[in-house]
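The values are calculated or read from the model by the stated rules, or taken from the named source; none is laboratory data. Small disclaimer: the values here were computed from a predicted structure and weren't measured. Cβ: placed from backbone, ideal geometry, glycine included. Neighbour counts: every protein chain shown. Calculation scope for accessible area: heavy atoms of the full protein, side chains included, ligands and nucleic acids excluded. Shrake-Rupley method; radii C 1.70, N 1.55, O 1.52, S 1.80 Å.
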Amino acid sequence: MGQKINPLGFRLGTTQSHHSFWFAKPKDFSMGLQEDEKIRNCIKNYVQKKKRISSGFEGIAYMGIQKRIDLIQVIIYIGFPNLLIEGRTRGIEELQMNIQKEFHRKLNIAITRIEKPYGQPNILAEYIALQLKNRVSFRKAMKKAIELTEQTGIKGIQVQIAGRIDGKEIARVEWIREGRVPLQTIRAKIDHCSHTIRTIYGVLGIKIWIFVNQE
């Protein structure tokens, strides 16, 4: 039987590093992990709430969290100048105040812009999800996403959609690959994401593997 593992966890310490940096005693570790998840969910919920007012999608690639004794530093890596930048400092301050209420420590939020947003699997998955919600054919959405990614100079990409695709009665898995995606090579830097999308037919799962380079 094939034993599945997350491509990012498989490569930790070689080509991939953690998105959270902090130390804790074994008994406090689970609380720290839950705190990280809570911070990320609060930011996503805030952006989604604001997104209803403005057009487009979130465009958050990933979030880095660094913790000290009295400070939590959150770095949001975004691909597009969305509402967080449009509102300049006011938008960031409002977000900071909203999250600060939940935690007892001081929170500092910084935003970093990514040069090639379509080279990030999270942004790409969000793009495909938006296309599927607008009733675009899944094959057309996948091919368009691959075209956008190829412009960023990556070596290979694989996109997979699972669930009741196009509202069919039987759930199935459809995938498409361009270039090389060596999933068993630890030296290969693979970016991966798993994204859930709710449609009127049910829940669809999108998985993306991007082969960036090899060390």
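When residues of segment 5-27 are filtered for being in contact (Cβ under 8 Å) with a residue 60 or more places away in the chain and under 17 Å from the mean Cα position of the chain (by Cα), how many remain?
So the answer is 4.
Taking residue 135, is it assigned by the TED database to the domain that holds residue 196, open to solvent by 100 Å² or more (accessible area, probe 1.4 Å), modelled with pLDDT of 90 or more and not hydrophobic (A, V, I, L, M, F, W, C)? Walk me through how you get there before you give the answer.
Details: assigned by the TED database to the domain that holds residue 196: yes; open to solvent by 100 Å² or more (accessible area, probe 1.4 Å): yes; modelled with pLDDT of 90 or more: no; not hydrophobic (A, V, I, L, M, F, W, C): yes.
When the stated conditions are applied, residue 135 does not pass them.
Across segment 152-182, what is the number of residues that are surrounded by 16 or more Cβ atoms within 10 Å (Cβ to Cβ) and either outside the structural domain of residue 132 (by the TED database) or farther than 22 Å from residue 130 by Cβ (or both)?
Of the residues in segment 152-182, 3 are surrounded by 16 or more Cβ atoms within 10 Å (Cβ to Cβ) and either outside the structural domain of residue 132 (by the TED database) or farther than 22 Å from residue 130 by Cβ (or both).
May I ask you to list the residues in segment 183-215 that are part of a strand (DSSP E or B), over 21 Å from residue 132 (Cα atoms) and more than 20 Å from the chain's Cα centre (by Cα)? Break it down into steps so the answer makes sense when it comes.
Of the residues in segment 183-215, the ones part of a strand (DSSP E or B) are 188-199, 202-214.
The next check asks that each one be over 21 Å from residue 132 (Cα atoms); those that pass are 188-191, 211-214.
Of everything in segment 183-215, just one residue is part of a strand (DSSP E or B), over 21 Å from residue 132 (Cα atoms) and more than 20 Å from the chain's Cα centre (by Cα), namely 214.
Check 105, 40, 88 and return the single one that is modelled with pLDDT of 85 or more and either more than 15 Å from the chain's Cα centre (by Cα) or outside the structural domain of residue 182 (by the TED database) (or both). I'd like the intermediate steps shown before the answer.
Values: 105 fails: modelled with pLDDT of 85 or more; 88 fails: modelled with pLDDT of 85 or more.
None of the other options fit; the residue is 40.
Take residue 125 and decide whether it is of a type in the set (Gly, Ala, Ser) and open to solvent by 20 Å² or more (accessible area, probe 1.4 Å).
Details: of a type in the set (Gly, Ala, Ser): yes; open to solvent by 20 Å² or more (accessible area, probe 1.4 Å): no.
The answer is no for residue 125.
Mind checking which residues of segment 147-161 are of a type in the set (A, V, I, L, M, F, W, C) and under 14 Å from residue 120 (Cβ atoms)? Spell out the reasoning first.
Let us first name the residues in segment 147-161 that are of a type in the set (A, V, I, L, M, F, W, C), namely 148, 154, 157, 159, 161.
Within segment 147-161, 148, 154, 157, 159 qualify.
Picking from 180, 172, 139, which residue would you name as being touching a strand residue (DSSP E or B) at 6+ places or on another chain (Cβ under 7 Å) and of a type in the set (Lys, Arg)?
Working: 172 fails: touching a strand residue (DSSP E or B) at 6+ places or on another chain (Cβ under 7 Å); 139 fails: touching a strand residue (DSSP E or B) at 6+ places or on another chain (Cβ under 7 Å).
180 is the lone residue from the list that is touching a strand residue (DSSP E or B) at 6+ places or on another chain (Cβ under 7 Å) and of a type in the set (Lys, Arg).
Looking at segment 145-160, which of its residues are part of a strand (DSSP E or B) and either within 16 Å of the chain's Cα centre (by Cα) or among the aromatic types (Phe, Trp, Tyr) (or both)? Explain how you work it out, then say what you get.
Filtering segment 145-160 for residues part of a strand (DSSP E or B) gives 156-160.
Selection gives 157, 158, 159, 160.
Can you name the number of the only condition in (1) farther than 29 Å from residue 104 by Cα; (2) touching a helix residue (DSSP H, G or I) at 6+ places or on another chain (Cβ under 7 Å); (3) at pLDDT below 75 that residue 79 fails?
(3)
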